[in-house]
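One structure is given here, and the rest of the page talks about it.
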Amino acid sequence: MSRSLEKRCRDLVCELGLSEAEQNVSVSPLVGGVASDIARVDVAGKSFCVKFALEKLKVAEDWRAPVRRNKAEYAWLEFAAEIEPRSVPRLFGRAGGGFAMEFVSSPDVRLWKNALLQEPPRMQNAKSVANALGRIHAASTRPGFRAEAFRNHDDFAMLRIDPYLLFTARRHPRLERPLSRLADSLYRSRTALVHGDVSPKNILFRGRQPLFLDAECATMGDPAFDAAFCLNHLILKSVHRPGFGAELIGAAEAFWDAYASHVSWESSSELERRAANLLPALMLARVDGKSPVEYLSELDRDRVRKLAIPLVSTGPRKVSDVLRAVKRQ
(Lines give C-alpha, C1' and ligand atoms only; values in the text may rest on other atoms or scores of the structure.)
Protein backbone atom coordinates (compact mmCIF):
# COMPACT_ATOMS: atom_id res chain seq x y z
CA MET A 1 0.00 0.00 0.00
CA SER A 2 1.30 3.45 -0.86
CA ARG A 3 1.74 6.00 1.89
CA SER A 4 -0.33 8.46 -0.13
CA LEU A 5 -3.38 6.15 -0.11
CA GLU A 6 -3.04 5.55 3.62
CA LYS A 7 -2.78 9.29 4.30
CA ARG A 8 -5.73 10.10 2.04
CA CYS A 9 -7.87 7.53 3.84
CA ARG A 10 -6.86 8.85 7.27
CA ASP A 11 -7.51 12.45 6.21
CA LEU A 12 -10.89 11.59 4.70
CA VAL A 13 -12.34 9.77 7.71
CA CYS A 14 -11.05 12.54 9.98
CA GLU A 15 -12.59 15.28 7.82
CA LEU A 16 -15.92 13.44 7.75
CA GLY A 17 -15.91 13.16 11.55
CA LEU A 18 -15.59 9.38 11.48
CA SER A 19 -12.36 9.53 13.50
CA GLU A 20 -10.37 11.91 15.66
CA ALA A 21 -6.89 13.01 14.61
CA GLU A 22 -5.25 11.15 17.49
CA GLN A 23 -7.19 7.89 17.04
CA ASN A 24 -5.57 4.71 15.73
CA VAL A 25 -6.72 4.16 12.15
CA SER A 26 -6.01 0.94 10.22
CA VAL A 27 -6.06 1.07 6.40
CA SER A 28 -6.19 -2.11 4.29
CA PRO A 29 -6.27 -1.83 0.46
CA LEU A 30 -8.98 -3.88 -1.27
CA VAL A 31 -8.35 -5.70 -4.53
CA GLY A 32 -10.61 -5.82 -7.56
CA GLY A 33 -11.66 -3.18 -10.05
CA VAL A 34 -9.45 -1.11 -12.33
CA ALA A 35 -10.75 2.42 -11.93
CA SER A 36 -10.25 3.31 -8.26
CA ASP A 37 -8.17 2.93 -5.16
CA ILE A 38 -10.40 1.28 -2.57
CA ALA A 39 -9.57 0.51 1.05
CA ARG A 40 -11.09 -0.77 4.24
CA VAL A 41 -10.62 1.67 7.08
CA ASP A 42 -11.01 0.46 10.67
CA VAL A 43 -11.32 2.96 13.48
CA ALA A 44 -12.81 2.72 16.97
CA GLY A 45 -14.34 -0.69 16.31
CA LYS A 46 -16.08 0.45 13.12
CA SER A 47 -15.24 -0.39 9.51
CA PHE A 48 -15.71 1.83 6.46
CA CYS A 49 -15.04 1.45 2.76
CA VAL A 50 -13.19 4.42 1.29
CA LYS A 51 -12.91 5.02 -2.44
CA PHE A 52 -10.86 7.38 -4.64
CA ALA A 53 -11.19 7.48 -8.44
CA LEU A 54 -7.97 7.03 -10.46
CA GLU A 55 -7.04 9.21 -13.43
CA LYS A 56 -5.28 6.30 -15.20
CA LEU A 57 -7.13 3.02 -15.01
CA LYS A 58 -5.31 -0.20 -14.15
CA VAL A 59 -5.49 -1.93 -17.54
CA ALA A 60 -2.94 -2.79 -20.22
CA GLU A 61 -4.20 -0.14 -22.65
CA ASP A 62 -3.77 3.59 -22.02
CA TRP A 63 -7.17 4.45 -20.50
CA ARG A 64 -7.73 7.70 -18.62
CA ALA A 65 -10.75 9.50 -17.21
CA PRO A 66 -11.34 12.54 -14.98
CA VAL A 67 -11.44 11.81 -11.25
CA ARG A 68 -14.51 14.06 -10.90
CA ARG A 69 -16.55 10.95 -11.70
CA ASN A 70 -16.25 10.17 -7.99
CA LYS A 71 -18.84 12.92 -7.41
CA ALA A 72 -21.28 11.46 -9.96
CA GLU A 73 -20.91 8.02 -8.40
CA TYR A 74 -21.77 9.35 -4.96
CA ALA A 75 -24.78 11.20 -6.39
CA TRP A 76 -26.01 7.99 -8.07
CA LEU A 77 -25.74 6.10 -4.77
CA GLU A 78 -27.63 8.89 -2.99
CA PHE A 79 -30.46 8.83 -5.54
CA ALA A 80 -30.65 5.03 -5.61
CA ALA A 81 -30.92 5.07 -1.80
CA GLU A 82 -34.06 7.20 -2.12
CA ILE A 83 -35.69 4.73 -4.51
CA GLU A 84 -34.24 1.39 -3.36
CA PRO A 85 -32.75 2.06 0.10
CA ARG A 86 -31.73 -1.56 0.67
CA SER A 87 -29.96 -1.79 -2.69
CA VAL A 88 -26.94 0.42 -1.94
CA PRO A 89 -24.48 0.63 0.97
CA ARG A 90 -24.97 3.31 3.62
CA LEU A 91 -23.10 6.51 2.76
CA PHE A 92 -21.03 8.61 5.20
CA GLY A 93 -19.98 11.55 3.03
CA ARG A 94 -17.55 12.93 0.46
CA ALA A 95 -14.26 14.74 1.10
CA GLY A 96 -10.77 15.07 -0.33
CA GLY A 97 -11.67 13.64 -3.72
CA GLY A 98 -13.13 10.46 -2.26
CA PHE A 99 -16.02 9.18 -0.20
CA ALA A 100 -16.76 6.78 2.63
CA MET A 101 -19.50 4.20 2.71
CA GLU A 102 -20.52 1.13 4.64
CA PHE A 103 -18.07 -1.77 4.54
CA VAL A 104 -20.41 -4.60 3.65
CA SER A 105 -19.34 -7.79 5.37
CA SER A 106 -21.38 -10.56 6.95
CA PRO A 107 -21.74 -14.34 6.56
CA ASP A 108 -24.71 -13.95 4.21
CA VAL A 109 -22.98 -11.53 1.80
CA ARG A 110 -21.78 -12.91 -1.52
CA LEU A 111 -20.46 -11.36 -4.73
CA TRP A 112 -22.85 -12.17 -7.58
CA LYS A 113 -19.99 -12.72 -10.04
CA ASN A 114 -18.46 -15.44 -7.88
CA ALA A 115 -21.80 -17.17 -7.48
CA LEU A 116 -22.47 -17.13 -11.24
CA LEU A 117 -19.05 -18.60 -12.03
CA GLN A 118 -19.31 -21.37 -9.46
CA GLU A 119 -22.86 -22.72 -9.63
CA PRO A 120 -26.11 -22.57 -11.60
CA PRO A 121 -27.77 -19.17 -11.17
CA ARG A 122 -30.75 -18.45 -8.99
CA MET A 123 -33.44 -16.97 -11.22
CA GLN A 124 -34.73 -14.82 -8.37
CA ASN A 125 -31.35 -13.07 -8.11
CA ALA A 126 -31.49 -12.00 -11.76
CA LYS A 127 -35.07 -10.79 -11.28
CA SER A 128 -34.17 -8.86 -8.12
CA VAL A 129 -31.34 -7.01 -9.88
CA ALA A 130 -33.56 -6.22 -12.87
CA ASN A 131 -36.46 -5.00 -10.73
CA ALA A 132 -34.26 -2.68 -8.68
CA LEU A 133 -32.57 -1.32 -11.80
CA GLY A 134 -35.90 -0.82 -13.56
CA ARG A 135 -37.35 1.11 -10.62
CA ILE A 136 -34.29 3.38 -10.44
CA HIS A 137 -34.42 4.07 -14.17
CA ALA A 138 -38.14 4.78 -14.05
CA ALA A 139 -37.81 7.17 -11.08
CA SER A 140 -35.15 9.19 -12.92
CA THR A 141 -37.53 9.86 -15.84
CA ARG A 142 -40.23 11.46 -13.69
CA PRO A 143 -40.82 15.20 -13.43
CA GLY A 144 -38.75 16.81 -10.70
CA PHE A 145 -35.71 14.58 -11.03
CA ARG A 146 -32.58 16.69 -10.62
CA ALA A 147 -30.10 15.75 -13.32
CA GLU A 148 -27.45 18.43 -12.65
CA ALA A 149 -24.97 16.03 -11.06
CA PHE A 150 -25.10 13.75 -14.10
CA ARG A 151 -24.34 16.11 -16.98
CA ASN A 152 -21.06 14.34 -17.64
CA HIS A 153 -21.52 12.79 -21.06
CA ASP A 154 -17.88 13.32 -22.05
CA ASP A 155 -16.81 11.31 -18.99
CA PHE A 156 -19.17 8.51 -20.02
CA ALA A 157 -17.66 8.64 -23.50
CA MET A 158 -14.16 8.21 -22.06
CA LEU A 159 -15.19 5.43 -19.68
CA ARG A 160 -17.61 3.45 -21.84
CA ILE A 161 -18.21 4.62 -25.40
CA ASP A 162 -14.60 4.87 -26.58
CA PRO A 163 -13.03 1.91 -24.72
CA TYR A 164 -15.92 -0.44 -25.46
CA LEU A 165 -17.34 0.54 -28.84
CA LEU A 166 -14.94 2.81 -30.72
CA PHE A 167 -11.79 0.96 -29.66
CA THR A 168 -13.43 -2.30 -30.74
CA ALA A 169 -14.37 -0.71 -34.06
CA ARG A 170 -10.71 0.10 -34.66
CA ARG A 171 -9.89 -3.57 -34.21
CA HIS A 172 -12.78 -4.64 -36.45
CA PRO A 173 -12.86 -2.07 -39.29
CA ARG A 174 -15.69 -3.88 -41.09
CA LEU A 175 -17.91 -3.15 -38.08
CA GLU A 176 -16.98 0.52 -37.84
CA ARG A 177 -20.30 1.78 -39.20
CA PRO A 178 -22.69 -0.11 -36.85
CA LEU A 179 -20.42 0.36 -33.82
CA SER A 180 -20.01 4.09 -34.51
CA ARG A 181 -23.76 4.42 -34.93
CA LEU A 182 -24.30 2.80 -31.52
CA ALA A 183 -21.65 5.04 -29.99
CA ASP A 184 -23.29 8.17 -31.39
CA SER A 185 -26.72 7.10 -30.14
CA LEU A 186 -25.39 6.49 -26.63
CA TYR A 187 -23.61 9.84 -26.52
CA ARG A 188 -26.71 11.77 -27.56
CA SER A 189 -29.17 10.06 -25.23
CA ARG A 190 -30.38 11.82 -22.07
CA THR A 191 -33.34 9.56 -21.32
CA ALA A 192 -32.66 8.25 -17.79
CA LEU A 193 -30.04 7.99 -15.07
CA VAL A 194 -27.61 5.28 -16.15
CA HIS A 195 -25.37 3.42 -13.70
CA GLY A 196 -22.95 2.44 -16.47
CA ASP A 197 -21.39 -0.66 -14.89
CA VAL A 198 -24.19 -3.05 -13.95
CA SER A 199 -21.87 -6.02 -13.80
CA PRO A 200 -22.08 -9.01 -11.43
CA LYS A 201 -18.68 -7.97 -10.08
CA ASN A 202 -20.34 -4.78 -8.82
CA ILE A 203 -23.36 -6.43 -7.22
CA LEU A 204 -23.36 -8.04 -3.80
CA PHE A 205 -26.17 -10.14 -2.46
CA ARG A 206 -26.92 -9.73 1.23
CA GLY A 207 -29.21 -12.68 1.61
CA ARG A 208 -31.66 -12.19 -1.26
CA GLN A 209 -31.15 -8.44 -1.50
CA PRO A 210 -28.87 -7.03 -4.25
CA LEU A 211 -26.53 -4.15 -3.42
CA PHE A 212 -25.20 -2.05 -6.29
CA LEU A 213 -21.62 -0.74 -6.18
CA ASP A 214 -19.24 1.18 -8.48
CA ALA A 215 -21.43 3.74 -10.23
CA GLU A 216 -18.40 5.68 -11.53
CA CYS A 217 -19.88 5.88 -15.02
CA ALA A 218 -23.20 7.35 -13.85
CA THR A 219 -24.70 9.78 -16.34
CA MET A 220 -27.93 10.80 -17.98
CA GLY A 221 -28.08 8.44 -20.92
CA ASP A 222 -29.75 5.45 -22.51
CA PRO A 223 -31.14 3.00 -19.93
CA ALA A 224 -30.84 0.24 -22.55
CA PHE A 225 -27.09 0.37 -21.91
CA ASP A 226 -27.45 -0.78 -18.29
CA ALA A 227 -29.78 -3.61 -19.24
CA ALA A 228 -27.56 -4.79 -22.09
CA PHE A 229 -24.43 -4.48 -19.95
CA CYS A 230 -25.80 -6.88 -17.35
CA LEU A 231 -27.27 -9.27 -19.91
CA ASN A 232 -23.90 -9.40 -21.63
CA HIS A 233 -22.19 -10.70 -18.50
CA LEU A 234 -24.74 -13.49 -18.16
CA ILE A 235 -24.14 -14.46 -21.80
CA LEU A 236 -20.35 -14.43 -21.46
CA LYS A 237 -20.56 -16.63 -18.39
CA SER A 238 -22.75 -19.07 -20.30
CA VAL A 239 -19.93 -19.40 -22.84
CA HIS A 240 -17.38 -19.89 -20.08
CA ARG A 241 -19.46 -22.36 -18.06
CA PRO A 242 -21.31 -24.50 -20.64
CA GLY A 243 -22.19 -27.04 -17.94
CA PHE A 244 -24.91 -24.70 -16.77
CA GLY A 245 -24.99 -22.41 -19.79
CA ALA A 246 -28.70 -23.05 -20.37
CA GLU A 247 -29.47 -21.91 -16.83
CA LEU A 248 -27.44 -18.73 -17.36
CA ILE A 249 -29.39 -17.95 -20.53
CA GLY A 250 -32.57 -18.64 -18.55
CA ALA A 251 -31.36 -16.09 -16.00
CA ALA A 252 -30.83 -13.59 -18.82
CA GLU A 253 -34.39 -14.19 -20.02
CA ALA A 254 -35.70 -13.74 -16.48
CA PHE A 255 -33.67 -10.54 -16.09
CA TRP A 256 -35.03 -9.04 -19.30
CA ASP A 257 -38.65 -9.94 -18.57
CA ALA A 258 -38.42 -8.40 -15.10
CA TYR A 259 -36.66 -5.25 -16.31
CA ALA A 260 -39.03 -4.70 -19.26
CA SER A 261 -42.00 -4.66 -16.89
CA HIS A 262 -40.75 -1.31 -15.51
CA VAL A 263 -40.34 0.46 -18.87
CA SER A 264 -43.06 3.10 -18.79
CA TRP A 265 -41.19 6.19 -20.01
CA GLU A 266 -41.01 5.07 -23.67
CA SER A 267 -42.02 2.23 -25.96
CA SER A 268 -40.64 -0.97 -24.46
CA SER A 269 -40.14 -2.40 -27.96
CA GLU A 270 -37.98 0.57 -28.94
CA LEU A 271 -35.85 0.24 -25.81
CA GLU A 272 -35.55 -3.50 -26.48
CA ARG A 273 -34.35 -2.82 -30.01
CA ARG A 274 -31.53 -0.64 -28.68
CA ALA A 275 -30.62 -3.18 -26.00
CA ALA A 276 -30.58 -6.00 -28.57
CA ASN A 277 -28.30 -3.94 -30.82
CA LEU A 278 -25.96 -3.16 -27.96
CA LEU A 279 -25.72 -6.72 -26.67
CA PRO A 280 -23.50 -8.26 -29.38
CA ALA A 281 -21.43 -5.06 -29.53
CA LEU A 282 -20.73 -5.33 -25.81
CA MET A 283 -20.01 -9.04 -26.15
CA LEU A 284 -17.32 -8.26 -28.71
CA ALA A 285 -16.04 -5.35 -26.61
CA ARG A 286 -15.37 -7.61 -23.64
CA VAL A 287 -13.12 -9.71 -25.90
CA ASP A 288 -11.44 -7.07 -28.10
CA GLY A 289 -12.07 -3.78 -26.29
CA LYS A 290 -9.88 -2.03 -23.73
CA SER A 291 -11.26 -4.05 -20.81
CA PRO A 292 -11.52 -7.74 -21.77
CA VAL A 293 -13.02 -10.08 -19.19
CA GLU A 294 -10.34 -12.15 -17.51
CA TYR A 295 -12.07 -15.54 -17.28
CA LEU A 296 -12.57 -16.38 -20.97
CA SER A 297 -10.08 -18.74 -22.60
CA GLU A 298 -8.82 -18.01 -26.09
CA LEU A 299 -11.21 -20.67 -27.40
CA ASP A 300 -14.06 -18.93 -25.55
CA ARG A 301 -13.01 -15.61 -27.08
CA ASP A 302 -13.16 -17.07 -30.58
CA ARG A 303 -16.64 -18.41 -29.85
CA VAL A 304 -17.77 -14.98 -28.71
CA ARG A 305 -16.35 -13.36 -31.86
CA LYS A 306 -18.07 -15.87 -34.14
CA LEU A 307 -21.33 -15.24 -32.35
CA ALA A 308 -21.13 -11.46 -31.97
CA ILE A 309 -19.72 -10.27 -35.30
CA PRO A 310 -22.68 -11.39 -37.49
CA LEU A 311 -25.14 -10.01 -34.93
CA VAL A 312 -23.43 -6.61 -34.84
CA SER A 313 -23.66 -6.55 -38.64
CA THR A 314 -27.34 -7.48 -38.86
CA GLY A 315 -28.65 -5.56 -35.84
CA PRO A 316 -31.11 -7.81 -33.94
CA ARG A 317 -34.39 -6.22 -32.88
CA LYS A 318 -35.18 -8.36 -29.85
CA VAL A 319 -33.17 -9.55 -26.88
CA SER A 320 -34.61 -13.02 -27.51
CA ASP A 321 -32.97 -13.01 -30.97
CA VAL A 322 -29.55 -12.69 -29.35
CA LEU A 323 -30.29 -15.29 -26.69
CA ARG A 324 -31.52 -17.76 -29.30
CA ALA A 325 -28.28 -17.29 -31.24
CA VAL A 326 -26.29 -18.06 -28.09
CA LYS A 327 -28.37 -21.18 -27.49
CA ARG A 328 -27.79 -22.40 -31.04
CA GLN A 329 -24.04 -22.08 -30.61
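Structural remarks
- Label reach from K306 (point 7 Å along Cα→C-beta): in region 228-254, amide nitrogens under 19 Å belong to 235-246.
- Here is the list for region 195-227: trypsin sites (Lys or Arg not before Pro) lying in DSSP coil, each with at most 14 other C-beta atoms within 10 angstrom of its C-beta, are R208.
- Rough spin-label spacing in nm, given labels placed 7 Å along Cα→Cβ, for Q209 and R181: 4.4
- (i) 71, 40, 33; (ii) 63, 52, 40; (iii) 63, 41, 38, with the label sought being that of the calculated Cα extents along the principal axes in Å: (iii)
- Packing, as the average of other Cβ atoms within 10 Å across residues, places the peptides 93-101, 79-87 in the order 93-101, 79-87, highest first.
- Computed over region 108-237, relative contact order equals 34 percent, with contacts defined as Cα pairs under 8 Å that lie 6+ residues apart.
- Surface composition of region 160-240: carbon and sulfur make up 47 percent of the accessible area, probe 1.4 Å.
- Dipole check for the chain: with +1 at the C-beta of Lys and Arg, -1 at the C-beta of Asp and Glu, and the Cα centre as origin, the magnitude is about 740 Debye.
- Relative contact order of the chain, defined on C-alpha pairs under 8 angstrom at six or more residues apart (%): 17
- Principal-axis tilt of helix 123-140 within the chain, Cα atoms, nearest 10 degrees: 80
- Solvent accessible area, Å² - F205, 1.4 Å probe, full protein context: 10
- If you run the Gaussian network model on the chain, springs between alpha carbon atoms under 10 Å, then out of D154, D108, D162 the most flexible one is D108.
- Against the chain, whose longest principal axis comes from its Cα atoms, helix 3-15 is set at around 70 degrees.
- Relative to the 2.2 N^0.38 Å rule of thumb, region 212-329 has a C-alpha radius of gyration ratio of 1.02.
- Per-pair calculated FRET efficiency, R0 = 25 Å: S106 and S4 via Cβ, rounded to 0.05: 0.20
- Over the residues of the chain, the helix contribution to mean residue ellipticity at 222 nm works out to -15000 deg cm²/dmol, using -39500 (n - 2.57) for each DSSP H run of at least 4.
- Mean separation of Cα contacts under 8 Å (6+ apart) over length of region 201-281, as relative contact order %: 30
- FRET E, pair A147, K318, Förster distance 41 Å, beta-carbon r, rounded to 0.05: 0.85
- Sites S269 and Y295, calculated FRET efficiency, Cβ-Cβ separation with R0 51 Å, nearest 0.05: 0.95
- Against the chain, whose longest principal axis is taken from its Cα atoms, helix 69-83 shows a tilt of about 80°.
The values are calculated or read from the model by the stated rules, or taken from the named source; none is laboratory data. Because the structure is a prediction, the values reported are computed rather than measured. Note that we place each Cβ from the backbone using ideal geometry, even for glycine, and neighbour counts take in every protein chain shown. Surface accessibility is based on the protein's heavy atoms, side chains included, excluding ligands, DNA and RNA. Shrake-Rupley method; radii C 1.70, N 1.55, O 1.52, S 1.80 Å.
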